[in-house]
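See structure below.
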Amino acid sequence: MTIERRRNLVDSKVEAWKPPVHIRAVTRRQQILSWVRRCFDLQFGSIWSDLRTVLRTTQGRVLDVGCGAQPFRDLVLVGSEYIGIDTVDARDHFGYEVPGTRYFSGSTWPVEDGSVDLVICTEVMEHVLEPKNLLAEAYRTLRPGGRLLLTVPFAARWHFIPYDYWRYTPSGLQFLLETAGFESVAVYGRGNETTVACYKVMALMLPFLYPTAQGRGAALIRRALGLFMAPFFVCLAIISNLSLRYSQGGDDCLGYTSIATKPLKTSDLPLHDN
C-alpha cells in the first residue's frame, strides 16, 4: 500500500541541498566569515552563544565529542586543555577530517576514566542510534563534579540523511540524563516561535542564496532569485537574532541546550552496554 503523490522517505539516502561544512576560524578572514555565518545560521549562532557563556568560566580539560571541524575550540580558555574526538566515519558520513582529532570506532571513547572537567557534545545525539551509550561514556570520562553540556536540534530539517535519527524534548533529555546517573539537569530552549518562523522562511531562501544545483544555468537562475530575496533574508536574520537575544525560550524553539553534573559521590556507576 502507498500514499499517492508522496515519496517513501525510507528510500532517501542524500539531501537535496546541503549547507557548507563548518570550519575552525583561525585566520582573520575566517573569523569574519564565522561571525557572518553565526548571524545567519541561527542554529550555529545560538549554540555558539551558549557554549561561549559556559566555556568562558570553565577551567581544566574540555572534551569535544563529535567535534567535526572543531569550530568551538577557540572558545576554550587559555591554559585549559582541549580534546576533540570523532568517529572514524566522520569523513564519509559528515565530510570532516581534522588533524589532531582522536578518531575511534565502536562505542568506547579514547579517553581515560574520570579525566575530564567538561564534556561538550553539540548536535551529535540525533545522529547516535543508542544515546544511552554516549551518555554512559560521558559519565565515565567526567571527573566527579564535572559537567556535560549537550545541544540537540528541535525545529530542524532532516539532515545528513540517512544518519539523522532523533528529535528530543526537555522531558526526554531529563529522563535520559538522570537515567545515565547525572544530576542537576537543566534544559534551555534556544529561541522561541518567532525565531523558528524566521528560521523556516530563511531555510526556504537558502538554496537560492547558496545554490548547489548541478548545471550552470540552474545555478545562475537561483542566484538571480537569491539577489531579489537577499534584503528580506537580512531582515529575517535581524528579527530572529533579536528574538534569540531577548527570549527566555519558547515551547517551540530551534533546539535545546542541556547542562548536567556528574555527582561528587559516584560509587554506583551506571552500566555501560558495549
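Quick notes
- One residue from LEU225, LEU220, LEU176, LEU204 being among the aliphatic types (A, V, I, L, M), on the phi < 0 side of the Ramachandran plot, in the same structural domain as PRO144 (by TED's automatic domain parsing) and assigned to a helix (DSSP H, G or I): LEU176
- Taken together, THR2, THR87, THR53, THR57 contain a single residue that is on the phi < 0 side of the Ramachandran plot, hydroxyl-bearing (Ser, Thr, Tyr) and at pLDDT below 90, which is THR2.
- With respect to the conditions (1) among the polar types (S, T, N, Q); (2) under 15 Å from THR151 (Cβ atoms); (3) part of a helix (DSSP H, G or I), ASN241 lacks only one, and its number is (2).
- The range 25-44 residues that are under 23 Å from CYS253 (Cα atoms), paired with ones that are aromatic (Phe, Trp, Tyr) and assigned to a helix (DSSP H, G or I) (beta carbon under 6 Å, 6 or more apart): ARG38/PHE44; ARG38/TRP48; LEU42/TYR199
- Looking only at the range 15-62, residues that are within 30 Å of ASN133 (Cα to Cα), over 15 Å from the mean Cα position of the chain (by Cα), assigned by TED's automatic domain parsing to the domain that holds PHE104 and not basic (Lys, Arg) come to 8 in all.
- Meets criteria (buried (at least 18 other Cβ atoms within 10 Å of the Cβ), in a helix (DSSP H, G or I) and either of a type in the set (Gly, Ala, Ser) or under 18 Å from the mean Cα position of the chain (by Cα) (or both)) for LEU118: no
- Screening the range 77-113 for residues that are of a type outside the set (Val, Ile, Thr) and in contact (Cβ under 8 Å) with a residue 60 or more places away in the chain and picking the one that is surrounded by the fewest Cβ atoms within 10 Å (Cβ to Cβ) gives GLY106.
- Number of residues in the range 244-258 that are in contact with a Gly (Cβ under 8 Å, 6 or more places away or on another chain) and in a helix (DSSP H, G or I): the value is 1.
- Residue list for the range 121-136, restricted to those being of a type in the set (D, E, K, R), at negative phi and surrounded by 19 or more Cβ atoms within 10 Å (Cβ to Cβ): GLU126
- Listed by first and then second residue, the pairs with beta-carbon distance under 7 Å, at least 6 apart or on different chains, first residue in the range 1-14 and in the same structural domain as ASP92 (by TED's automatic domain parsing), second among the small types (Gly, Ala, Ser) and exposed (fewer than 10 other Cβ atoms within 10 Å of the Cβ), form an empty list.
- Complete set of residues in the range 45-63 that are under 23 Å from ARG143 (Cβ atoms), in contact (Cβ under 8 Å) with a residue 24 or more places away in the chain and β-branched (Val, Ile, Thr): VAL54, THR58, VAL62
The values are calculated or read from the model by the stated rules, or taken from the named source; none is laboratory data. Predicted model only: the values in this text are computed from it and were never measured. So basically every Cβ, Gly included, is an ideal-geometry build from the backbone, and we count neighbours across all protein chains shown.
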